[in-house]
Amino acid sequence: MIDDDAFDHLRRPTVTRPLLGLTILAVEDSLYACDSLRLMCLYSGARLRRADCLKSARRHLQVYRPSVVIVDMGLPDGNGAELIDDLRTRSPRVSVILACSGDPFAEDVAYAAGADGFLAKPIANLGVFQHAILQHLPQNAQPCGLRNIRSDVIHPDLVAFREDMAYVAELLGGPVDDKVISYVTAFLHGVALTAEDDALQHAACELAAAQSNGAPTLGPVARLAGLVQARVQDAVAI
């Protein structure tokens with residue numbers, strides 16, 4: 001049987017696993033983006049939990065108290081800034097609150113809501129991910145000794161990419177109003193950045209621009225839906 005002191009020692013961060021002992025809640029609707037976070041947590045020693053929307057995150061926080069929360073700014077049931085503002089005022093406060101987005105304009109909104117830091121999508125560099133968390137932790141939660149800054153680039157599972165495409169295909173297969181277009185274009189922008197899928201990103205931007213300018217969206221929706229469907233059928237289309 002392991003006593004408490006020995007157990008605490010096993011869970012302390014090390015130079016090779018600097019996030020050991022931390023539990024991270026990722027509030028992220030994209031399975032592909034979340035798989036990248038899962039791999040980074042695995043290599044860093046942290047445990048990861050996921051919520052795919054604001055409602056799920058709030059339900060999770062009623063039961064668990066994570067060490068770190070990473071909040072996507074564009075969620076299916078609202079803006080991540082709402083949750084960040086709520087987390088900022090909670091007592092006891094979560095140690096680290098980070099926002100993430102593929103939209104650079106979301107950074108100012110995140111900091112105004114109370115985020116400690118911002119991760120720009122694609123979140124692919126292991127060292128950047130670790131530093132974004134470690135720089136906001138107290139000294140006693142930091143690993144002892146010199147730590148090599150890792151520059152590993154993480155490649156999430158294409159199965160998760162395909163599942164994201166299936167999710168969007170379902171949304172585009174129903175009634176497509178302004179709310180759906182706004183959500184889908186923001187969602188796909190982030191996924192396309194992570195997947196380095198220029199064609200998908202261009203089509204999402206084209207649809208967003210048409211909506212913003214009051215232009216017809218039927219054609220851009222159809223083109224985007226075609227690209228999404230091709231990726232559902234072939235996960236290696238990227």
Practice task
Being closer than 26 Å to D157 by Cβ and either modelled with pLDDT of 95 or more or not charged (D, E, K, R) (or both) narrows it down to one of R58, R17, R47, so name that one.
Solution key: R47
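Starting from residues that are closer than 22 Å to A186 by Cβ and at pLDDT below 95, keep the ones in the stretch 88-119 and report whichever is nearest to the chain's Cα centre (by Cα). Show your work before the answer.
Residues of the stretch 88-119 closer than 22 Å to A186 by Cβ: 97-115, 117-119.
Filter again for at pLDDT below 95, leaving 102-105.
Values: G102: 10, D103: 12, P104: 14, F105: 16 Å.
Once the filter is applied, the top-ranked residue is G102.
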Exercise for the section: Kindly indicate whether any position in the stretch 28-49 is within 16 Å of R90 (Cα to Cα) and open to solvent by 90 Å² or more (accessible area, probe 1.4 Å). Expected result: no
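Please go through the stretch 191-201 and pick out each residue that is surrounded by fewer than 17 Cβ atoms within 10 Å (Cβ to Cβ), modelled with pLDDT of 95 or more and either in contact with a Phe, Trp or Tyr (Cβ under 9 Å, 6 or more places away or on another chain) or not small (G, A, S) (or both).
Of the residues in the stretch 191-201, the ones surrounded by fewer than 17 Cβ atoms within 10 Å (Cβ to Cβ) are 196, 198-199.
With modelled with pLDDT of 95 or more added as a condition, the list becomes 198-199.
Residue satisfying the conditions is D198 alone.
For L224, indicate whether it is at pLDDT 95 or above and either of a type in the set (G, A, S) or in a helix (DSSP H, G or I) (or both). Quick ask: steps written out before the conclusion?
Numbers: at pLDDT 95 or above: yes; either of a type in the set (G, A, S) or in a helix (DSSP H, G or I) (or both): yes.
So L224 fits the description; yes.
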Exercise for the section: Would you mind stating whether R58 is open to solvent by 70 Å² or more (accessible area, probe 1.4 Å), at negative phi and either in contact (Cβ under 8 Å) with a residue 24 or more places away in the chain or in contact with an Asp or Glu (Cβ under 7 Å, 6 or more places away or on another chain) (or both)? Expected result: yes
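Does the stretch 203-220 contain at least one residue that is of a type outside the set (D, E), in contact with a Lys or Arg (Cβ under 7 Å, 6 or more places away or on another chain) and free of Cβ contacts under 8 Å to residues at least 60 places away in the same chain? Full working, then the answer.
Taking the stretch 203-220 as the starting set, the residues that turn out to be of a type outside the set (D, E) are 203-205, 207-220.
Then drop every residue that is not in contact with a Lys or Arg (Cβ under 7 Å, 6 or more places away or on another chain), which leaves 203.
Now restrict to residues that are free of Cβ contacts under 8 Å to residues at least 60 places away in the same chain: 203.
Yes, that holds for at least one residue.
The values are calculated or read from the model by the stated rules, or taken from the named source; none is laboratory data. Everything quoted here is computed from the prediction, not taken from an experiment. Virtual Cβ from ideal backbone geometry, glycine too; neighbours counted across all protein chains shown. All accessible areas refer to the heavy atoms of the entire protein, side chains included, with ligands and DNA or RNA removed. Shrake-Rupley method; radii C 1.70, N 1.55, O 1.52, S 1.80 Å.
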